[in-house]
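These notes are about the structure you will find just below.
The values are calculated or read from the model by the stated rules, or taken from the named source; none is laboratory data. The model shown is predicted, which means the values in this text are computed figures rather than measured ones. Don't worry about glycine lacking a Cβ; one is built from the backbone with ideal geometry, like all the others, and counts go over all protein chains shown. Calculation scope for accessible area: heavy atoms of the full protein, side chains included, ligands and nucleic acids excluded. Shrake-Rupley method; radii C 1.70, N 1.55, O 1.52, S 1.80 Å.
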Amino acid sequence: MTVAADPTRESDLLITFNTSGLSKFSFAVSGKNEDLNIILIKKIVTRPRENIVVLDAGHGGRDTGARGSLIDEKIINLDVTMKVGKLLQEKGIRVEYTRTDDSYVDLEERSAIANSLNAALFVSIHSNSSTRSEPNGTETFFYAPLHTPELYLQRDERLQIATLLQNQLISSLKRTNRGVKEENYSVLRNTQMPSALVEIAFLSNADDQALLVQDQFRSQAAQAIASAIEQYMKGI
């Protein structure tokens, strides 16, 4: 490593790293601009991911998820997930699932399934809920904190797939755009590959729920999710 400074300017500092076998790097400045964090990773630490997409239908079995007045979340999630899988398979993309029926799957097991397959992508599909009836619309989550280097190194990919999913869903469903957000969810924290979690719409909102029970709306959501995944997979 070489460190050099311009003696005429106190604020200038140049740091040069001489490395061999570097696979990837990332850096971030702290919120107060006081610390610079640099992450370097060697090629031997990484291995190529398999060309597999793991789809995760949220909840299932004894875990109903959000309970609307007309339908349980677990039913919507599974229906949309299976529709997404069929669309992707028709495009020649290999798909695996954390569940394909109304069965209970532990949160850690969902991540373990994707990790054991060394999948390229993990997408968890949910329907939202609130203690109030007013919140509505679509939001998508990712997780790549600086304090977890192996996830932070995927920050660009994780943000990319979350953004693609959100944009496609908003374009197709025309619901309120609640944005892309970062949240420490188990399936995002424990997956070793880029991952995202979508919340299609709110079961606790009358207008959103009226749409979620419709097969046409769920098919639109599935097409949007599949289109985002296909676009992401073509770019890797």
Can you pull out the residues in region 195-214 that are of a type outside the set (A, V, I, L, M) and in contact with a helix residue (DSSP H, G or I) (Cβ under 8 Å, 6 or more places away or on another chain)? Ser195, Phe202
Filter region 175-196 for residues that are within 16 Å of Glu108 (Cβ to Cβ), open to solvent by 10 Å² or more (accessible area, probe 1.4 Å) and not aromatic (Phe, Trp, Tyr) and give the result. Asn184, Ser186, Arg189, Asn190, Gln192
When region 217-236 is examined, which residues are found to be over 24 Å from Ser130 (Cα atoms) and either part of a helix (DSSP H, G or I) or in contact with a Gly (Cβ under 6 Å, 6 or more places away or on another chain) (or both)? Gln223, Ala226, Ser227, Ala228, Ile229, Glu230, Gln231, Tyr232, Met233, Lys234
For region 163-174, how many residues are more than 17 Å from Val80 (Cβ to Cβ) and either buried (at least 19 other Cβ atoms within 10 Å of the Cβ) or hydroxyl-bearing (Ser, Thr, Tyr) (or both)? 1
Restricting to region 112-127, name every residue that is of a type in the set (Gly, Ala, Ser) and either outside any strand (DSSP E or B) or touching a Pro at 6+ places or on another chain (Cβ under 6 Å) (or both). Ala112, Ala114, Ser116, Ala119, Ala120
Of all residues making up region 95-129, the number that are more than 18 Å from the chain's Cα centre (by Cα) and within 18 Å of Val180 (Cα to Cα): 1
Of the residues that make up region 128-141, is at least one surrounded by 24 or more Cβ atoms within 10 Å (Cβ to Cβ) and either outside any strand (DSSP E or B) or on the phi > 0 side of the Ramachandran plot (or both)? no
Looking at region 63-109 only, could you name the residues that are assigned to a loop (DSSP other than H, G, I, E, B), over 19 Å from Tyr185 (Cα atoms) and either among the aliphatic types (A, V, I, L, M) or modelled with pLDDT under 95 (or both)? Leu70, Ile71, Ile93
Residues to consider are Leu203, Leu212, Leu197; find the one that is in contact with a Gly (Cβ under 7 Å, 6 or more places away or on another chain), closer than 18 Å to Ala57 by Cα and among the aliphatic types (A, V, I, L, M). Leu203
